[in-house]
1. Given the structure, is Arg25 surrounded by fewer than 15 Cβ atoms within 10 Å (Cβ to Cβ) and without any contact (Cβ under 8 Å) to a residue 60 or more places away in the chain?
2. What pairs can you find where one residue is in segment 46-60 and surrounded by fewer than 12 Cβ atoms within 10 Å (Cβ to Cβ), the other is part of a helix (DSSP H, G or I) and not aliphatic (A, V, I, L, M), and their Cβ atoms are less than 7 Å apart, with a gap of 6+ or different chains?
3. Out of the residues in segment 1-40 that are in contact with a Pro (Cβ under 9 Å, 6 or more places away or on another chain) and of a type in the set (Val, Ile, Thr), which is nearest to Ile166 (Cα to Cα)?
4. Would you mention how many residues in segment 28-43 are crowded, with 23+ Cβ neighbours inside 10 Å and under 12 Å from the mean Cα position of the chain (by Cα)?
5. Pull up segment 85-105, narrow it to residues that are within 18 Å of Asp14 (Cα to Cα) and in contact (Cβ under 8 Å) with a residue 60 or more places away in the chain, then point me to the one that is nearest to the chain's Cα centre (by Cα).
6. I need the full set of residues from segment 73-122 which are surrounded by 24 or more Cβ atoms within 10 Å (Cβ to Cβ), assigned to a helix (DSSP H, G or I) and of a type in the set (A, V, I, L, M), in order please.
7. Taking segment 45-72, which residues are closer than 18 Å to Arg83 by Cα, in a helix (DSSP H, G or I) and over 16 Å from the mean Cα position of the chain (by Cα)?
8. Return a yes/no flag: does segment 136-146 have any residue that is buried (at least 19 other Cβ atoms within 10 Å of the Cβ), aliphatic (A, V, I, L, M) and under 22 Å from Val12 (Cβ atoms).
Amino acid sequence: MKLKGKKIVIFVEDMVEEIELLYPRYRLIEEGAGIKIAGPEVRVFKGKNGYPIKSDIKFEDVNVDDFDAVVIPGGYAPDRIRRNKVAVELTRKFYELGKVVAFICHAGWVPISAGILKGKKVTGFYSIKDDLVNAGAEYIDDEVVVDGNLISSRNPDDLPAFCKAIISALSD
């Protein structure tokens, strides 16, 4: 249990790519981490494929000091999450405090909105490559890219490498 005592918050919104939330959730729990799902409100969110995912807490109730990392799954949820000023500010605070900010697929939109990617190496779903580059990041087409406390991956096929990198970063 490499992550015993670690606490991780995972963001959710409607149209989340469920596997990109659930796979990390259960993999990180297997390693002993405590997980909270945060959304704009406490309710059941409908995933991209119709699977329901309930949030535990609201973005407003997330205290960055209580967590070691944030994981942002993809799908179309990141486009909604980045419109939430509290979620964007939380992402920025996690980054500024040197805590892990992990994002996959379209979730790169959230750190773009947080203004934390300039000069960083990242990856993401190929359709947001231009967005990442225009935010000042260097896009690398690889299954996982780690640059400091930023961990990024491209799509669900990359989930094993994505989770391995999160576990490694939090167990050092």
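Since every read-out is calculated from the coordinates, none of them should be taken as a lab result. Note that the coordinates shown come from a computational prediction; the quantities given were computed from them, not determined experimentally. We place every Cβ from the backbone using ideal geometry, glycine too, and count neighbours over all the protein chains shown.
1. Taking the combined requirement at face value, the residue does not satisfy it.
2. Asn49/Glu18
3. Among those that are in contact with a Pro (Cβ under 9 Å, 6 or more places away or on another chain) and of a type in the set (Val, Ile, Thr), it is Ile8.
4. So in segment 28-43, the residues crowded, with 23+ Cβ neighbours inside 10 Å come out as 28, 33, 38-39.
After this cut, where a residue has to be under 12 Å from the mean Cα position of the chain (by Cα) as well, the list is 38.
So the count comes out to 1.
5. Of the residues in segment 85-105, the ones within 18 Å of Asp14 (Cα to Cα) are 85-88, 103-105.
The next check asks that each one be in contact (Cβ under 8 Å) with a residue 60 or more places away in the chain; those that pass are 87, 104-105.
On the way: Ala87: 11, Ile104: 6, Cys105: 10 Å.
Applying the filter and picking the extreme gives Ile104.
6. Listed by number, the residues that qualify are Ala77, Ile81, Ala87, Leu90, Ala107, Val110, Ile112.
7. Glu60, Asp61
8. Within segment 136-146 (the criterion being buried (at least 19 other Cβ atoms within 10 Å of the Cβ), aliphatic (A, V, I, L, M) and under 22 Å from Val12 (Cβ atoms)), the answer is yes, since at least one residue qualifies.
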